[in-house]
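As structure tokens, the structure follows; a few thoughts come after it.
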Amino acid sequence: MVLAIGIIYHSNKYSILLYQMEHKKKNKWGAKNKPWKRQKGQDGKEQTQQQQEGGAGKQEDYDLFQFKLGSPKFDEYYQKQFPLMPAEEFKQFTSILCEKLPVTFRVNQTEVHHESVCRMFSDPHFIEKYYQEPEGEQQQLKDGTEDLKNKALDLSQVVLARKGYYPPGDVLYEMTVPRELLKKNLGLKAIHKLVQRANDAGILTRQEIVSMLPPLLLGIEAEHAVFDMCAAPGSKTAQIVELMTCSQIYDRGGSNAQKTKGFIIANDADPKRAFMLTHQMNRLNTANMLILNHNAQNFPNLCYLPQHAPSQADPRVLFDRIVCDVPCSSDAAIRKIPSKWEKWSTGDGAALHILQARILFKGLQMLKVGGRLSYSTCSLNPVEDEAVVASALKQFRGCIQLESVSLPGFKFREGMTQWRVMTEKVGSHGEEGSFFQEFAGFEEVTPDVHRVRCIKDTMFPGHYDEETRAQLTKCLRVFPHDQNTSGFFIINRRRITSRCCCRRGAQRGYSKTSSNHWASPSNPEKVQKLQL
């Protein structure tokens, strides 16, 4: 019953690959999952150790953390990046970023009773049926925040609507209340419990709309080999499982009791997040999955055993579809991370530019001819978006091409062909002039700025020729004020030749060693074997 157990050797370190989807242990976390010891608190009542330490025990006061919303630095930076955006529209763009996101979820259409679940959520009186008027009086909390627990709601403003952005089965829903209100308001308590239990049972998945775009636009089918390079916390991986099973059921006349011929490898560099990923995947009944813990940019070549290799000439595991949702500054997701307003800096994106490019290069190397890869970030910064895409187009010239994709009813905007590279002035607070120092080209960057501010030549549009920049219009940008979502950036690429144009040394500037290039099957010390 063991799907796969392997050892990856990299940089003299061993990482044990472990995960077995078919073993459903009640104690998923092993010996670490110990019950909290109960002790008496100062008031004489029993408390768990978690509550005494201020952990996530059940709280009754519902204290809210307040953050300073908005940033003049953020506004100035993106006003310069989006010079063609009218002033009134830019105001809408920044104001909606200070609002909380609505609750969104999709019903798992691989479940037998998903149609009855959809009918329940599609009932126009669903909110009225489950809403219970709070008995307590609404009060102003000590910190001046609103009492969400006893807040009386106008039900005409609380709407659960089906969205048509999910073509496979029209199973996407959006509720016009923020997550905090759904979780804390006593009137919505029954609805919150219903959604929570359905999520735990795998009947639905709570996920933001823009986060569903990468797997949705890839055209994943039942027999595909899929690699999710930066998979945690696992919502996209769960979506991939659903799409593969839906392909088998609806396109090939199969059933959800049959195993799909394809498989998924889900990877994350953070051990804690990888364990979170296993917890997320436990909701789904599938054995066609392996969860790994490794740096995506240094991911080793996996090889089939000789008797399972599709080609004796090349035993490497190459993928039909790759989801490359890279670590980013997350400034487009600031609606759900309000603490970023105070900490926002251009240095966040600049520091990740190299890592993002290296992960993308590695993904392209592991892609089959004719296979597709989606590169995405939850950032609007062109240094993390178009600049990284352009660097891959330059290094893999003639090997890959960008694809034009769309989603009916969903609004995208074209990618940028020109952008500005800026860094914050030392000691500047915006009282006099600009917050930023701007560079027309890399030749203007001094050695100190290059070293401390992480400004690289690959960040500049002038580093790429006209033909490369013209292709960037196929990139897709999602602006939050277009359909009340977070911001997002995504592009699909197809590999068109088996010849790898990313020659040895092409990652110069992204790596200090050559260990990140393809490992040849003739070099056994670099080839890792994994039974699939």
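Tell me which residues come under 5 Å, amide H to amide H, from Ile496 once H is placed; ignore anything under 5 positions away on its chain.
Close amide H contacts, sequence-distant or interchain: Gly370, Ile400, Gln401.
Determine the gain in length on full extension of the stretch Glu223-Ser156; use 0.36 nm per residue of separation and subtract their C-alpha separation, reporting nm with one decimal. Spell out each step's value before the answer.
On the way: separation 67, 0.36 × 67 = 24.12 nm, distance 4.54 nm.
Extra length from Glu223 to Ser156 when fully extended: 19.6 nm.
Show me 93-103, 358-368 ranked by packing, highest mean number of other Cβ atoms within 10 Å first.
Highest mean packing first, the order is 358-368, 93-103.
Given Cα pairs under 8 Å that are at least 6 residues apart, what percent is the relative contact order of the stretch 261-368? Please list the in-between numbers first.
On the way: 96 pairs, mean separation 29.1, N = 108.
Relative contact order, the stretch 261-368: 27 percent.
Could you go through the stretch 392-397 in sequence order and give the Karplus-derived ³J(HN,Hα) for each residue, using 6.51 cos²θ - 1.76 cosθ + 1.60 with θ = phi - 60°, rounded to whole Hz, and x for Gly and Pro?
Ordered by residue, 3J(HN,Hα) equals 6, 4, 6, 6, 10, 4 Hz.
From the phi angles alone, apply the Karplus equation (6.51, -1.76, 1.60; θ = phi - 60°) to the stretch 474-488 and give each ³J(HN,Hα) in whole Hz, x where the residue is Gly or Pro.
Per residue, the Karplus-derived 3J(HN,Hα) values read 7, 5, 10, 10, 10, 9, x, 7, 6, 8, 6, 10, 7, x, 6 Hz.
If you put +1 on each Lys and Arg Cβ and -1 on each Asp and Glu Cβ, how big is the dipole of the stretch 311-433 around its Cα centre, in Debye rounded to 20?
Charge dipole, the stretch 311-433, about its Cα centre: 440 debye, nearest 20.
Would you mind computing, in nm to one decimal, how far apart the modelled labels at His279 and Ala87 are, each placed 7 Å from Cα along Cα→Cβ?
The answer from the label model is 4.9 nm.
Of the heavy-atom accessible surface of the stretch 374-425 (probe 1.4 angstrom), what whole percent is carbon and sulfur?
The C+S portion of the solvent-accessible surface of the stretch 374-425 is 45 percent.
Rolling a 1.4 Å sphere over the protein heavy atoms, what is the accessible area per residue of the stretch 365-477, to the nearest Å²?
44 Å²
So, for the stretch 220-360, what is the accessible surface per residue at a probe of 1.4 Å, expressed in square angstrom?
36 Å²
What spacing in nm lies between the two simple spin-label points modelled at Lys163 and Thr497, each 7 Å away from Cα in the Cβ direction?
The two pseudo-label positions are separated by 4.0 nm.
Work out how much length Glu128 to Glu76 would gain on full extension: take 0.36 nm times their residue separation and subtract the Cα-Cα distance, in nm to one decimal.
14.3 nm
Among the listed pairs Lys80/Lys149; Lys73/Lys456; Lys184/Lys340; Lys336/Lys411; Lys236/Lys362, which are separated by more than 31 Å between their Cα atoms? Could you put the intermediate results ahead of the total?
Details: Lys80/Lys149 42 Å; Lys73/Lys456 22 Å; Lys184/Lys340 23 Å; Lys336/Lys411 21 Å; Lys236/Lys362 20 Å.
In this structure, Lys80/Lys149 lie more than 31 Å apart at Cα.
Would you mind getting me the FRET efficiency between Glu180 and Thr446? Use the beta-carbon distance for r and R0 = 60 Å, nearest 0.05.
Approximately 0.85, to the nearest 0.05.
In nm, to one decimal, how far is the modelled label at Glu403 from the one at Phe67, with both set 7 Å along Cα→Cβ?
3.4 nm
Roughly how many Å is it from the Cα centre of the stretch 182-224 to that of the stretch 303-346, as a whole number?
Measuring centre to centre over Cα atoms gives 21 Å.
Exactly which GluC sites (Glu not before Pro) in the stretch 378-465 are in a DSSP loop and have at most 16 other Cβ atoms within 10 Å?
Taking the stretch 378-465 and a limit of 16 other Cβ atoms within 10 Å, the loop GluC sites (Glu not before Pro) found are Glu431, Glu432.
The values are calculated or read from the model by the stated rules, or taken from the named source; none is laboratory data. What you see is a predicted model, and the numbers here were worked out from it, not measured in a lab. Virtual Cβ from ideal backbone geometry, glycine too; neighbours counted across all protein chains shown. To get the accessible areas, we keep the full protein, side chains included, count just its heavy atoms, and leave off ligands, DNA and RNA. Shrake-Rupley method; radii C 1.70, N 1.55, O 1.52, S 1.80 Å.
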